[in-house]
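See structure below.
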Ligand code: S3P
């Protein structure tokens with residue numbers, strides 16, 4: 001089957017309400033936590049994408065059964081010591097950094113050696129950011145060059161740690177918090193602000209967690225070990241997957257879109273804050289709270305007077321997966337946009353800052369990159385007619401989807417390769433853009 005799509009027509013004048021697939025971060029956290037709960041958990045609206053299926057396969061290999069029942073998944077856990085592993089077990093996290101990094105935290109007490117592997121993209125990503133703090137709890141971890149594969153043999157004598165997380169990485173913070181719930185004593189984490197789904201889940205599970213929030217850092221204390229009971233969770237829509245549709249609507253002509261039931265947790269809505277500073281006028285409707293998370297409908301309309309932004313780097317972590325589409329808006333905005341301290345972007349499924357700058361160059365947008373900072377010279381009259389080919393992006397799902405949005409809003413004839421990449425986070429992406437009128441061959 002061909003793994004390439006062609007787009008050669010812009011999209012405009014759509015008015016619609018859509019549901020976006022569920023939050024990937026919360027889906028993976030729920031599967032992993034349910035696998036360590038005592039008794040049955042029921043997960044509604046679990047994201048059915050490859051990254052989450054890999055999480056389900058992972059817990060199965062660790063001896064935890066799950067089944068799909070009508071509209072939910074049932075997972076039966078046996079508590080914090082409930083993993084039952086075979087000899088020479090290999091866990092394959094596929095493309096998912098979140099799964100690989102978080103599961104390592106839960107393997108600190110594994111009884112046998114486990115080898116963690118991933119696909120070729122994940123195998124190029126840094127694991128020392130996880131293995132360094134996790135080693136301090138006591139397990140034996142062996143890895144080459146700070147990359148996967150990583151081998152871990154757990155310890156019976158875990159000790160609590162003090163850890164300062166400086167990257168603003170929710171994966172690092174969460175991996176340490178996962179290890180902390182298994183460890184007797186008080187683990188203390190000073191973490192640069194990042195998405196806080198793990199902490200909110202812990203609170204809703206009554207895991208004893210204390211958080212003191214300061215301007216740039218959160219100070220977290222967990223007193224372990226803390227067994228918890230099976231739970232129910234209904235997972236809301238994903239803001240990162242929504243971001244492609246938000247930008248599509250903003251840059252298309254005469255269109256309006258309502259994205260239903262999206263998680264608008266403050267630690268995730270950097271994109272909305274950034275786009276609104278660029279004059280996007282995106283609003284939230286029907287706000288409600290659920291297990292500490294904030295959920296709402298997002299209403300977005302087309303805008304032709306967008307302006308450049310000097311983006312505060314304090315928003316970086318809360319928009320970390322959305323910068324690719326934010327750059328598209330900057331390309332079409334009036335004036336210069338400036339983004340700083342974006343080094344973490346090159347640590348994702350592909351080196352995204354590098355790929356994004358090449359992308360801007362190919363579509364004729366002037367930019368300057370100095371170290372981890374980028375200046376984009378916007379062109380409100382941007383309208384493309386040439387031929388564009390997008391390939392060789394390490395099958396990064398977000399590069400594929402961002403390229404589709406550029407093709408649908410800037411014009412030109414596009415060939416975009418590695419369509420299958422969307423299976424990791426958003427398998428129905430192409431159906432949704434077709435539903436809004438996109439013609440895809
Ligand atoms: C995630 C955290 C972010 C994000 C990733 C999902 C999570 O990574 O880019 O897509 O679920 O915790 P970092 O923690 O490495 O910034």
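Restricted to segment 150-193, the set of strands (runs of 3 or more DSSP E) holding at least 3 residues that are touching a strand residue (DSSP E or B) at 6+ places or on another chain (Cβ under 9 Å) and surrounded by 23 or more Cβ atoms within 10 Å (Cβ to Cβ) comprises 185-192. Of everything listed in (1) buried (at least 22 other Cβ atoms within 10 Å of the Cβ); (2) in contact (Cβ under 8 Å) with a residue 40 or more places away in the chain, the single unmet condition for residue 345 is (2).
Quick one: in segment 348-367, which of the residues that are in contact with a helix residue (DSSP H, G or I) (Cβ under 9 Å, 6 or more places away or on another chain) and not in a helix (DSSP H, G or I) is surrounded by the fewest Cβ atoms within 10 Å (Cβ to Cβ)? Top of the filtered list is 366.
Taking the stated definitions as given, is residue 84 more than 29 Å from residue 350 (Cβ to Cβ) and without any contact (Cβ under 8 Å) to a residue 24 or more places away in the chain? When the stated conditions are applied, residue 84 passes them. Looking across segment 145-187, just one residue is more than 21 Å from the chain's Cα centre (by Cα), within 16 Å of the ligand (Cβ to nearest atom) and on the phi > 0 side of the Ramachandran plot, and that is 146. Do the conditions hold for residue 243, that is, is it in the same structural domain as residue 274 (by TED's automatic domain parsing) and within 16 Å of the ligand (Cβ to nearest atom)? So residue 243 fits the description; yes. Comparison of 210, 254, 260, 214 shows that the only residue that is surrounded by fewer than 22 Cβ atoms within 10 Å (Cβ to Cβ) and closer than 28 Å to residue 380 by Cβ is 254. Does residue 248 count as more than 16 Å from the ligand (Cβ to nearest atom) and out of contact with any strand residue (DSSP E or B) (no Cβ under 6 Å at 6 or more places or on another chain)? So residue 248 passes the test. Would segment 195-208 turn up any residue that is in a loop (DSSP other than H, G, I, E, B) and within 11 Å of the ligand (Cβ to nearest atom)? Yes, that holds for at least one residue. Taking the criterion of being under 20 Å from the mean Cα position of the chain (by Cα) and under 23 Å from residue 18 (Cβ atoms), the residues of segment 291-308 that qualify are 293, 294, 295, 296, 297, 298.
The set of residues in segment 111-134 that are buried (at least 19 other Cβ atoms within 10 Å of the Cβ), closer than 28 Å to residue 225 by Cα and out of contact with any helix residue (DSSP H, G or I) (no Cβ under 7 Å at 6 or more places or on another chain) comprises 114, 127, 131.
The values are calculated or read from the model by the stated rules, or taken from the named source; none is laboratory data. Every value quoted in this text rests on a predicted model; they were computed, and no experiment measured them. Backbone-built Cβ (ideal geometry, glycine too); neighbour counts: all protein chains shown.
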